[in-house]
1. What is the count of Lys pairs in region 214-331 whose alpha carbons sit under 20 Å apart, if the two are 8 or more places apart or on different chains?
2. Please state, as a whole number in µm²/s, the translational diffusion coefficient that the Stokes-Einstein equation yields for the chain at 25 °C and 0.890 mPa s, with Rh defined as the Kirkwood radius across alpha carbon pairs.
3. Using just the helices of the chain, give the 222 nm mean residue ellipticity in deg cm²/dmol: DSSP H runs with n ≥ 4 each add -39,500 (n - 2.57), and the total is spread over all residues, rounded to 500.
4. What is the magnitude of the charge dipole of the chain about its Cα centre, with +1 placed on the Cβ of each Lys and Arg, -1 on the Cβ of each Asp and Glu, and no other charges, expressed in debye to the nearest 20?
5. Would you mind telling me the antiparallel percentage of the DSSP bridges in the chain, rounded to 5?
6. Could you name the aspartates and glutamates in cross-link range of residue 486, using Cα to Cα under 15 Å and dropping any fewer than eight places away on the same chain?
7. Would you list which lysines come within 19 Å of residue 45, measuring only between C-alpha atoms, while excluding same-chain residues fewer than 8 positions from it?
8. Rounded to the nearest 20 debye, what is the charge dipole size of region 74-158 about its Cα centre when +1 sits on each Lys and Arg Cβ and -1 on each Asp and Glu Cβ?
Amino acid sequence: MHDKILIVDFGSQVTQLIARRVREEKVYCEIVPFQKAEAAFRAMKPKGVILSGGPASVLDKNAPLAPQAIYESGVPVFGICYGEQAMAQQLGGTVEGGHHREFGRAEVEVVDDSPLFEGVWRKGEKYPVWMSHGDRVTKLPRGFRVLGRAPNSPIAMIGDDARKFYAMQFHPEVVHTPHGAALLRNFVRKISGAAGDWTMRTFKDEAIEKIRKQVGKGKVICGLSGGVDSAVAAVLIHEAIGDQLTCVFVDHGLLRLGEAEKVMTLFRDSYNIPLVHVDASDKFLRALEGVEDPEQKRKTIGKLFIDVFEAEAKKIGNKGEGPTQFLAQGTLYPDVIESVSFTGGPSVTIKSHHNVGGLPERMNMKLVEPLRELFKDEVRALGRELGLPEAFVGRHPFPGPGLAIRVPGAISAEKLDILRLADDIYIEEIRRAGLYDDIWQAFAVLLPVKTVGVMGDFRTYEYVVGLRAVTSTDGMTADFYPFDMKFIGQVATRIINEVKGVNRVVYDVTSKPPGTIEWE
């Protein structure tokens, strides 16, 4: 059993970042919607509780609040932004609206010492932070004192040392608050007293035992997508149950250039895992014909995946190996969190994950999701722990729906072929320049427009390719990678010369602000 931190989610789009900061301290944590927080609190018995930010106002009728049982438990509590306002309101303070809204960079002045600031901030100094609020606390609850102030938030940080309750108006979890991670560390490790004993090695050992206990002597079918997540899940499950696992690699026709061959080579040459290759590209392309909405593309692909796996599971059973009782997939913790939003959680839906909540009843199979507690970088660490090659583990994230959401609008085989080649040239040039590992994610997009151009002595009317590359520490906030123009020109020249159907290339310099989940 590990010490745990419970994060009560009030709907902030950066709640995941709080969990990331806690996990960086090797402390296990879970995010739970405020509606389910009391049951989770009693079940988890956490060492501390963090109240997230959120879009609501505590002045609204039926505003979301933390369970009173949390405040009465004697467990340390840390409120962030809306979490500060909820804490103040619930404990007898006053929150008012109608003041200056504050979004973006600001400065706070530390006006009193606190265990929260130990080794990080000093009384009388000012520090940069990231604000995002409309309401503010104007009267302290009994037992609290002001720890810090800002121009638009005279009560920007508060604390009650006796009860170990602390709160702040700004967001310490985002990189725009430079010392924020250290403040969270103080709360998690020093104030809450959580031990930092949650490592990938212990996770691996515990996950293997969980899989063995769940599966018993049953048969498991695992869908390989070509990405890191499903590959790590497959290797972990194989280490747990050996040949009880059969992997099915579905080529849906939406993969990168040479992707199918790379996956087949990795698993057949490096791992002795039974592997079935299904070329279903024609079936997927027919199903996606005329579909333009990206969310509908996801749903269509997800449903078809289930159909393919159901058919393969029946084939395996018909070979006399017994029915397949389990379907394994590489669901990650962000998928779980985002799907809670999709099914009525406090956050605005950004994307859905097609079957996080379970499989169709007709399949008569149970899900095995050994990675559903992990973030992306944790999956990479687990992959290294399992011995997967670095060239595979360190690859840029690739969406489950593949190139379907990198071709905005209607999809066709011709468009996919154009995009594959353009994307391959782009990544090849990034690798050649030694920049691949400096970039979180880079890819090409085939834009749904054509432009008039002149190539040689001919007039052309062809597609535009957009290039994206971003730097990030967590995949939640990001900035564009600052290529020099010589590099962009070199890539553009190669794509225009080598990819028939493209006469223009553009580079996207849009930053990714806090709160957006993905780039695709």
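The values are calculated or read from the model by the stated rules, or taken from the named source; none is laboratory data. Here the structure is a predicted model, which is why all the values come from computation and not from measurement. All Cβ positions, even for glycine, are placed from backbone atoms using ideal geometry, and neighbour counts span all protein chains on display. Please note that ligands, DNA and RNA were not included when accessible areas were found on the heavy atoms of the full protein model with its side chains. Shrake-Rupley method; radii C 1.70, N 1.55, O 1.52, S 1.80 Å.
1. Qualifying lysine pairs in region 214-331: 13.
2. Working: Rh = 25.0 Å.
Value of D from the Cα-based Kirkwood radius: 98 µm²/s.
3. Result for the chain: -10000 deg cm²/dmol, rounded to the nearest 500.
4. Using only the charged Cβ atoms, the result is roughly 720 debye.
5. Once the DSSP bridges in the chain are tallied, antiparallel ones form about 50 percent.
6. 429
7. 4, 26, 36, 164, 190
8. Numbers: 10 positive and 10 negative charges, 24 e Å.
Dipole size: approximately 120 debye.
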